[in-house]
Amino acid sequence: MKTLFIFFLLILSQSAFCKNWSVKTVPELQKALLESKANDTILVAKGNYKVLNLEITKPLVMIGQNQPVLDAQYKGEIFIVKSGDVSISGFKFINVGETSMIDWAGVKILESENVKIFKNEFINCYFGVYLSASNKCLIENNRIIGTPKEEQTTGNGIHAWKCDSINIFNNYVEGHRDGIYFEFVTNSLITNNLSTKNIRYGLHFMFSHYDTYTHNIFKKNGAGVAVMYTKHVTMKDNFFDSNWGGSAYGILLKDISDSDIEHNLFNSNTVGVYMEGCSRLKMQDNVFQKNGVGLRIQANCDENNIHHNNFMANTFDIATNGSVTFNYLNDNYWDKYEGYDLDHDGKGDILYRPVSLFSTLIERMPQAMILLRSFTATLLDKIEKIIPSLTPENLKDDSPSMKPNAIKAFNFKV
């Protein structure tokens with residue numbers, strides 16, 4: 001009982017020494033950052049503050065009242081966080097400078113833990129939120145909108161490098177190079193974000209293991225998501241929509257292993273999923289619809305299990321660049337399947353080869369695309385189904401579903 005009393009006494013004494021700073025001018029803000037003590041709260045009144053390179057070097061709570069505007073005037077960055085246990089909310093960050101030498105950001109977090117950035121707006125910021133060598137940080141409910149220029153002169157909306165246990169929730173990101181960028185980031189969660197109209201990728205993973213992204217929307221980006229040189233990633237309940245262009249994908253997977261792609265919707269992308277150098281992936285309960293190519297599997301992929309997915313209204317369901325593949329297709333629904341089910345078990349009695357002869361010809365001679373939907377293309381595919389010759393012999397579904405697989409309804413808030 002005595003120990004508990006001492007504990008509460010310490011808490012009360014600590015809170016008693018914490019101070020609230022109310023600021024209305026730039027000099028007052030600079031003074032509060034300099035003279036405040038650890039765990040103080042700085043309340044910034046509504047207004048327009050022309051500021052530059054403000055360092056936060058102690059645990060502080062920064063609160064913007066009625067969304068004050070912090071304007072860097074394209075000369076540099078705004079907040080540079082160099083301490084753990086910092087909270088920043090309620091601000092509008094605008095006009096961060098652009099430079100090829102330094103990654104200037106609205107909020108930059110350096111080698112810190114337990115930093116929370118939430119309910120802010122970032123407009124015309126080179127980088128929105130930038131994390132470097134930081135852990136256990138939260139980026140939530142922010143609106144991050146850039147003005148896309150060229151890829152080389154546009155930064156990322158949310159950028160994390162060499163971090164661990166980062167949570168990115170409920171953010172809207174638009175008009176950057178990559179909406180969200182991870183490099184050497186582990187054990188992190190990305191969920192309920194909308195990333196759209198970014199020049200390159202809605203989400204970009206590099207060398208980032210044991211991460212999960214769920215319930216996100218990646219729409220109208222140069223490409224939806226790129227996951228590269230990574231293992232043990234969970235990609236679940238996401239919506240990849242209208243990522244359309246000469247080299248656009250719902251997901252680009254390169255050198256990925258031991259990961260799960262489950263219950264995602266790929267709609268109207270140039271390629272739903274592109275796989276190169278991938279091993280031991282489990283891909284199930286996904287819907288591929290209205291894509292140019294539903295799934296492109298390069299010949300250097302192996303031991304991937306693709307089952308219980310629905311392929312509907314794609315120009316080509318599956319394409320590949322090789323004649324030998326070592327992947328497993330089972331229990332998928334293919335709307336182009338023309339087989340029968342005499343024993344009424346819900347599975348086709350004859351196997352289905354989803355790679356068409358025409359898609360194989362296009363791999364070798366792209367100019368043949370001009371014959372798409374022609375009688376010649378249809379005739380070639382019919383002949384190939386009867387006498388397979390060019391399409392991969394072992395890329396086949398031995399038990400195709402006769403009806404679309406029962407997949408839980410998607411619930412995306414666009």
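The values are calculated or read from the model by the stated rules, or taken from the named source; none is laboratory data. Since this is a predicted model, take the numbers as computed values, not measurements. Counting neighbours? That spans all protein chains shown, and the Cβs are built from the backbone with ideal geometry, glycine included. For accessibility, only protein heavy atoms count, side chains too; no ligands or nucleic acids. Shrake-Rupley method; radii C 1.70, N 1.55, O 1.52, S 1.80 Å.
Condition check ((1) among the acidic types (Asp, Glu); (2) more than 19 Å from residue 406 (Cβ to Cβ)) across all residues:
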| site | (1), (2) |
| --- | --- |
| 249 | no, yes |
| 262 | yes, no |
| 279 | no, yes |
| 292 | no, yes |
| 308 | no, no |
| 319 | no, yes |
| message | When the residues of the stretch 271-298 are narrowed to those that are among the hydrophobic types (A, V, I, L, M, F, W, C) and in a loop (DSSP other than H, G, I, E, B), which ends up nearest to residue 237 (Cα to Cα)? | response | 281
| query | Got at least one residue in the stretch 133-143 being on the phi < 0 side of the Ramachandran plot, open to solvent by 10 Å² or more (accessible area, probe 1.4 Å), of a type in the set (S, T, N, Q) and in contact with a strand residue (DSSP E or B) (Cβ under 8 Å, 6 or more places away or on another chain)? | reply | yes
| request: Considering only the stretch 299-331, state which residues are part of a loop (DSSP other than H, G, I, E, B) and either of a type in the set (Ser, Thr, Tyr) or modelled with pLDDT under 90 (or both). | output: 299, 315, 321, 322, 323, 324, 325
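Please enumerate the residues belonging to the stretch 95-113 that are touching a Gly at 6+ places or on another chain (Cβ under 8 Å) and over 15 Å from residue 57 (Cβ atoms).
Of the stretch 95-113, the ones touching a Gly at 6+ places or on another chain (Cβ under 8 Å) are 96-98, 103-107, 112-113.
96, 97, 98, 103, 104, 105, 106 - these are the residues of the stretch 95-113 that are touching a Gly at 6+ places or on another chain (Cβ under 8 Å) and over 15 Å from residue 57 (Cβ atoms).
Here is a yes/no grid of residues against (1) β-branched (Val, Ile, Thr); (2) touching a strand residue (DSSP E or B) at 6+ places or on another chain (Cβ under 6 Å); (3) surrounded by 24 or more Cβ atoms within 10 Å (Cβ to Cβ); (4) not in a loop (DSSP other than H, G, I, E, B):
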position	(1), (2), (3), (4)
130	no, yes, yes, yes
152	no, no, no, yes
155	no, yes, no, no
173	yes, yes, yes, yes
176	no, no, yes, no
181	no, yes, yes, yes
184	no, yes, no, yes
| Residue tally, condition touching a residue at least 40 places away in the same chain (Cβ under 8 Å) and outside any loop (DSSP other than H, G, I, E, B), over the stretch 82-126 | 2
| remark: All-but-one check, residue 249 against (1) within 19 Å of residue 150 (Cα to Cα); (2) open to solvent by 10 Å² or more (accessible area, probe 1.4 Å); (3) of a type outside the set (Gly, Ala, Ser); (4) modelled with pLDDT under 95, failing number (1)
| query | Within the stretch 239-254, is there a residue that is assigned to a loop (DSSP other than H, G, I, E, B), out of contact with any Lys or Arg (no Cβ under 9 Å at 6 or more places or on another chain), touching a residue at least 24 places away in the same chain (Cβ under 8 Å) and within 20 Å of residue 139 (Cα to Cα)? | reply | no
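Report yes if residue 111 is farther than 21 Å from residue 43 by Cα and at pLDDT 95 or above, otherwise no. First the steps, then the outcome.
On the way: farther than 21 Å from residue 43 by Cα: yes; at pLDDT 95 or above: yes.
Yes.
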| task | Give just the number: which of (1) of a type outside the set (Asp, Glu); (2) open to solvent by less than 10 Å² (accessible area, probe 1.4 Å); (3) within 11 Å of the chain's Cα centre (by Cα) does residue 266 not satisfy? | result | (3)
| field | For residue 235: the one exception among (1) closer than 25 Å to residue 284 by Cα; (2) open to solvent by 10 Å² or more (accessible area, probe 1.4 Å) | value | (2)
| task | With respect to residue 70, determine if the residue is touching a Phe, Trp or Tyr at 6+ places or on another chain (Cβ under 6 Å) and either closer than 22 Å to residue 123 by Cα or open to solvent by 90 Å² or more (accessible area, probe 1.4 Å) (or both). | result | yes
| note | Scanning the stretch 33-54 residue by residue, those surrounded by fewer than 15 Cβ atoms within 10 Å (Cβ to Cβ) and under 11 Å from residue 86 (Cβ atoms) turn out to be 38
| query | Any idea which of (1) open to solvent by less than 30 Å² (accessible area, probe 1.4 Å); (2) at pLDDT 95 or above; (3) more than 29 Å from residue 169 (Cβ to Cβ) is the one residue 257 doesn't satisfy? | reply | (3)
| remark: Subset of the stretch 211-229, residues buried (at least 23 other Cβ atoms within 10 Å of the Cβ) and β-branched (Val, Ile, Thr), comes to 225, 227
| remark: Log entry, pairs with first residue in the stretch 309-320 being free of Cβ contacts under 8 Å to residues at least 40 places away in the same chain and under 11 Å from residue 289 (Cβ atoms), second being assigned to a loop (DSSP other than H, G, I, E, B) and among the aliphatic types (A, V, I, L, M), beta carbons closer than 9 Å, six or more apart or on different chains, reads 317/355
| task | Select from the stretch 189-210 the residues that are crowded, with 22+ Cβ neighbours inside 10 Å and in a loop (DSSP other than H, G, I, E, B) and list them in ascending order. | result | 193, 198, 208
| query | If you scan the stretch 104-128, which residues turn out to be β-branched (Val, Ile, Thr) and either open to solvent by 30 Å² or more (accessible area, probe 1.4 Å) or closer than 17 Å to residue 184 by Cβ (or both)? | reply | 109, 123
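Out of 345, 335, report the one residue that is within 20 Å of residue 409 (Cα to Cα) and at pLDDT below 95.
Values: 345 fails: within 20 Å of residue 409 (Cα to Cα).
Answer to the selection: 335.
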